[in-house]
Amino acid sequence: MLLQSGVDPVHSRKILVTGGAGYIGSHTVRLLLKQGHDVVVVDNLSKGYRHNVPEGRLRELDLTDTAALASLMGEHGTEAVIHFAAFIAVGESMREPERYFANNVSGSLSLLTAMLQAGVKHIVFSSTAAVYGNPASSPIAETFPIQPVNPYGESKVMVETMLRWFDQIHGVTSVCLRYFNASGADPDGGLGEEHEPETHLIPLLLRAVMTGKPVTVFGADYDTPDGTCIRDYIHVNDLAQAHILAVEHLSGGGASDQFNVGTGTGHTVMEMIHAVETVTGKKVPYTVGPRREGDPPGLVAASDKLRSRLGWSPEFADLRTIVQHAWNFAIARKA
Ligand code: UDP
């Protein structure tokens with residue numbers, strides 16, 4: 001029997017998503033619902049937005065409330081957790097590391113404790129390419145040394161480490177997805193990137209086009225073809241799909257693992273500016289400033305492992321499509 005959505009109910013799973021009111025979380029929730037899963041979102045709305053979560057799905061809870069999380073999992077019958085909720089600003093983590101260890105590490109420990117209490121055995125964790133620090137070469141494979149260079153990256157490594165022990169000791173299996181540069185927006189509209197303050201390149205370039213206020217290019221003297229930094233921009237829906245494949249892997253008895261999530265292709269900041277100009281038909285006002293502290297020259301994922309083991313492949317790898325979707329969202333937000 002098929003549901004109206006065309007999803008086989010046998011594969012419909014009960015999934016609890018933390019941070020589902022945020023950028024990547026909300027896109028993943030939408031995709032999970034589209035694919036027929038039963039989703040409950042936990043978010044304290046410290047960074048996320050209520051309007052990102054479909055009616056009736058949101059539980060306004062803090063990750064530190066272990067007892068409430070465990071009882072929610074029990075009521076919902078949660079089979080797997082996807083854990084996004086975290087602080088993400090590298091610069092802020094260099095000024096206030098305590099907030100990152102409290103929210104990202106203690107929050108995750110509370111969540112894992114609740115999972116033990118409720119008997120939930122699978123978790124997909126939002127990790128980051130920042131676990132690799134400043135790698136000696138690119139593309140970056142999962143086997144590269146783990147050597148974060150800021151408390152944000154360190155907080156993610158600490159959670160990855162806890163997950164390893166929770167598997168060995170408690171049999172909780174996990175997939176850690178190490179994201180490269182999440183970007184774009186759902187082509188269906190209504191969801192997109194809205195950080196406060198915004199630090200990410202694409203929304204800042206689009207904002208510069210809209211306001212006429214120049215954006216600063218952080219360094220044009222790197223050893224790259226045009227002197228600006230190279231990053232691997234991955235469409236947020238493709239990132240979301242990786243989480244769903246990871247849940248399926250774990251629910252089907254797959255072992256704990258770590259995967260990079262990127263397209264495998266890098267673009268410089270100047271290429272991004274040109275892509276924004278092509279999509280918007282307007283010049284991006286910019287100035288070249290000094291390098292940003294801690295920015296590695298190139299971060300590109302080797303994503304073969306995700307492709308071969310989980311059968312993932314990006315649907316929106318084309319840069320212009322990514323920028324177009326982000327632009328559609330920016331225009332709709334302004335309207
Ligand atoms: N960048 C820039 N100006 C900005 C913001 C970002 O030149 O105002 C550059 C940054 O140095 C990096 C790339 O754009 O090379 C992507 O930065 P972002 O903060 O979006 O993501 P990150 O790679 O730091 O996770």
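Flag not set for R178, criterion: basic (K, R) and in a helix (DSSP H, G or I).
Say we look at the stretch 208-237 and pick out the residues that are within 20 Å of the chain's Cα centre (by Cα) and within 14 Å of L299 (Cα to Cα); which of these is nearest to the ligand (Cβ to nearest atom)?
Applying the filter and picking the extreme gives R231.
Just so you know, in the stretch 274-292 the residues that are in a loop (DSSP other than H, G, I, E, B) and in contact with a strand residue (DSSP E or B) (Cβ under 9 Å, 6 or more places away or on another chain) include one that is surrounded by the fewest Cβ atoms within 10 Å (Cβ to Cβ), and it is P290. Residues in the stretch 184-207 that are touching a strand residue (DSSP E or B) at 6+ places or on another chain (Cβ under 8 Å) and either among the hydroxyl-bearing types (S, T, Y) or within 9 Å of the ligand (Cβ to nearest atom) (or both): H200, L201, I202, L204, L205. Yes or no: the stretch 253-260 includes at least one residue that is outside any helix (DSSP H, G or I), touching a Ser or Thr at 6+ places or on another chain (Cβ under 9 Å), within 12 Å of the ligand (Cβ to nearest atom) and not aromatic (F, W, Y). No; the residues of the stretch 253-260 include none that is outside any helix (DSSP H, G or I), touching a Ser or Thr at 6+ places or on another chain (Cβ under 9 Å), within 12 Å of the ligand (Cβ to nearest atom) and not aromatic (F, W, Y). Which of the residues spanning the stretch 8-32 are surrounded by 15 or more Cβ atoms within 10 Å (Cβ to Cβ) and either at pLDDT below 95 or assigned to a helix (DSSP H, G or I) (or both)? If the condition is that a residue be surrounded by 15 or more Cβ atoms within 10 Å (Cβ to Cβ) and either at pLDDT below 95 or assigned to a helix (DSSP H, G or I) (or both), then S12, Y23, I24, G25, S26, H27, T28, V29, R30, L31, L32 are the ones that fit. For the residues T280, T321, T287, the requirement of being within 16 Å of the ligand (Cβ to nearest atom) and among the hydroxyl-bearing types (S, T, Y) singles out T287.
Determine if the stretch 294-316 includes at least one residue that is within 16 Å of the ligand (Cβ to nearest atom), surrounded by fewer than 16 Cβ atoms within 10 Å (Cβ to Cβ) and among the hydroxyl-bearing types (S, T, Y). No, the stretch 294-316 contains no residue that is within 16 Å of the ligand (Cβ to nearest atom), surrounded by fewer than 16 Cβ atoms within 10 Å (Cβ to Cβ) and among the hydroxyl-bearing types (S, T, Y). The single condition among (1) outside any helix (DSSP H, G or I); (2) touching a residue at least 24 places away in the same chain (Cβ under 8 Å) that K156 does not meet is (1). Checked against the criterion of being at pLDDT 95 or above, buried (at least 17 other Cβ atoms within 10 Å of the Cβ) and among the charged types (D, E, K, R), the candidates R207, R231 yield just one match: R231.
If you check Y179 against the conditions, is it over 22 Å from L310 (Cβ atoms), of a type in the set (F, W, Y) and in contact with a Ser or Thr (Cβ under 6 Å, 6 or more places away or on another chain)? Here the answer is no, as Y179 does not meet what is asked. The residues of the stretch 99-142 that are within 16 Å of the chain's Cα centre (by Cα), closer than 22 Å to A255 by Cα and either within 16 Å of the ligand (Cβ to nearest atom) or in a loop (DSSP other than H, G, I, E, B) (or both), listed by number, are S126, S127, T128, A129, V131.
If I go through the stretch 228-252 residue by residue, how many of them are outside any helix (DSSP H, G or I) and touching a Ser or Thr at 6+ places or on another chain (Cβ under 8 Å)? Matching residues across the stretch 228-252 total 7. What do you reckon, is V247 more than 11 Å from the ligand (Cβ to nearest atom), at pLDDT 95 or above and buried (at least 17 other Cβ atoms within 10 Å of the Cβ)? In short, yes. Please enumerate the residues belonging to the stretch 294-335 that are free of Cβ contacts under 8 Å to residues at least 24 places away in the same chain and in contact with a helix residue (DSSP H, G or I) (Cβ under 8 Å, 6 or more places away or on another chain). Across the stretch 294-335, the qualifying residue is only S313.
The values are calculated or read from the model by the stated rules, or taken from the named source; none is laboratory data. Not measured: the values here are computed from a predicted model. A quick note on method: Cβ atoms are made from the backbone with ideal geometry, for glycine too, and the neighbour counts reach across all protein chains shown.
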